[in-house]
1. Regarding Y279, is this residue of a type in the set (S, T, Y) and modelled with pLDDT of 90 or more?
2. Scan segment 170-213 for residues that are closer than 16 Å to P158 by Cα, in a helix (DSSP H, G or I), in contact (Cβ under 8 Å) with a residue 60 or more places away in the chain and open to solvent by 10 Å² or more (accessible area, probe 1.4 Å) and jot them down.
3. Only residues that are open to solvent by less than 50 Å² (accessible area, probe 1.4 Å) and in contact (Cβ under 8 Å) with a residue 60 or more places away in the chain: list them for segment 147-163, please.
4. Given the structure, is R243 touching a residue at least 12 places away in the same chain (Cβ under 8 Å), open to solvent by 50 Å² or more (accessible area, probe 1.4 Å) and among the basic types (K, R)?
5. Does D98 fit the bill of being at pLDDT 95 or above, out of contact with any Pro (no Cβ under 9 Å at 6 or more places or on another chain) and among the acidic types (D, E)?
6. Give A27, A93 a once-over and let me know the one that is closer than 18 Å to S177 by Cα, assigned to a helix (DSSP H, G or I) and open to solvent by less than 10 Å² (accessible area, probe 1.4 Å).
7. What's the number of the only condition in (1) assigned to a loop (DSSP other than H, G, I, E, B); (2) open to solvent by 30 Å² or more (accessible area, probe 1.4 Å) that H227 fails to meet?
8. For segment 1-23, which residues satisfy the criterion of being in a helix (DSSP H, G or I) and either in contact with a strand residue (DSSP E or B) (Cβ under 7 Å, 6 or more places away or on another chain) or among the acidic types (D, E) (or both)?
Amino acid sequence: MSSRSLVSIITPFLNAEEFLQESIESALAQTYEEWELLLIDDGSTDHSTKIAMQYASNHSDKIRYLEHVQHQNLGGSAARNLGLSNAKGEFVAFLDADDVYLPNKLEDQVQLLESKPDAGLMYSATLYWFSWTGDPEDEERDWMWNNFGVPAEGVIPPPRLLTTFLRNGYTVPVPCSLLVRRDLIEKVGGFEDAFVNQYDDQVLYAKMCLESPVYVADDCWDKYRQHPKSSCSIAKQTGEADRSREAYLKWLEGYLRTKGVVDAELWGALRKALWPYRYPRIHGLTTGAKRLGRRASDGILRTVVPMLPDVLRRSKRRERRERG
């Protein structure tokens, strides 16, 4: 069965000439042969367009080149949605233009996901890859992400993973580690085009983790390239990452309400995540106080608590009682 299931690999790219070829070659090196690669050009102005078109020409049976009307730059979500709308596979995998797959990525993951019929998707550990530079100092910087926040090698029911992601952002997987059933992505409506460069992946995760059980594997099948030109690095440098997180959390709040979600733990985790954005001054005071120690923290909290709305005041008092 697994040898017959087609996997659609979605690879959006924007001015990725430095890394795109290596990414494509990692798809071509797969031991699993039933795949298609959709290269979605998000308005590139460098040589990556030519690279992608050449691969699509040389491997027309496996690779397709796609672009927006008039070669527009519409962002990562729109590019991935374009790929999804053209995908033919039963399964979908994501491969960003600067990341690479290990050769047995698809073979192992298809077999695993097919053995878990209740799971709509799976993800796994990821190598944070610094050593691609060839610099001996960078070789020591590589590290394996497997901070799942849930038991590995298990199927996690909804919405537990989304609650985990909100409580600890470091538990969120990397897109290249995923394998997803295409019918699940279609059911939840794919990506949200409004999220252009940041949190586009987490929007999709939220939708899927609310809808379907997820299988979490402890193996590693991909390398997540770390470099200063990546969208994540740039977002951190410019402050866009924090603004995007606020936009994501507010979107999620509206989405949960639209879906009629009533899970108390999930709502509690979301309210806590939103706290710094809803009450930035109070959050700044309490965060600073905690750095000064318990006595200072309690003193400032006694000043701050009367400023809060009744429901938040009760919440803070409860937290202080639980701390003892």
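1. no
2. L184, E211 - these are the residues of segment 170-213 that are closer than 16 Å to P158 by Cα, in a helix (DSSP H, G or I), in contact (Cβ under 8 Å) with a residue 60 or more places away in the chain and open to solvent by 10 Å² or more (accessible area, probe 1.4 Å).
3. Selection gives F148, V150, A152, G154, I156, P159, L162, T163.
4. Against the criterion (touching a residue at least 12 places away in the same chain (Cβ under 8 Å), open to solvent by 50 Å² or more (accessible area, probe 1.4 Å) and among the basic types (K, R)), R243 does not qualify.
5. yes
6. The unique qualifying residue is A27.
7. Against the list (1) assigned to a loop (DSSP other than H, G, I, E, B); (2) open to solvent by 30 Å² or more (accessible area, probe 1.4 Å), H227 comes up short only on (2).
8. Matches in segment 1-23: L20, E22, S23.
The values are calculated or read from the model by the stated rules, or taken from the named source; none is laboratory data. These numbers were taken from a predicted model, which means no experiment stands behind them. All Cβ positions, glycine included, derive from the backbone under ideal geometry; neighbour counts span all protein chains shown. Remember, those area values only see protein heavy atoms, side chains included, never the ligands or the DNA or RNA. Shrake-Rupley method; radii C 1.70, N 1.55, O 1.52, S 1.80 Å.
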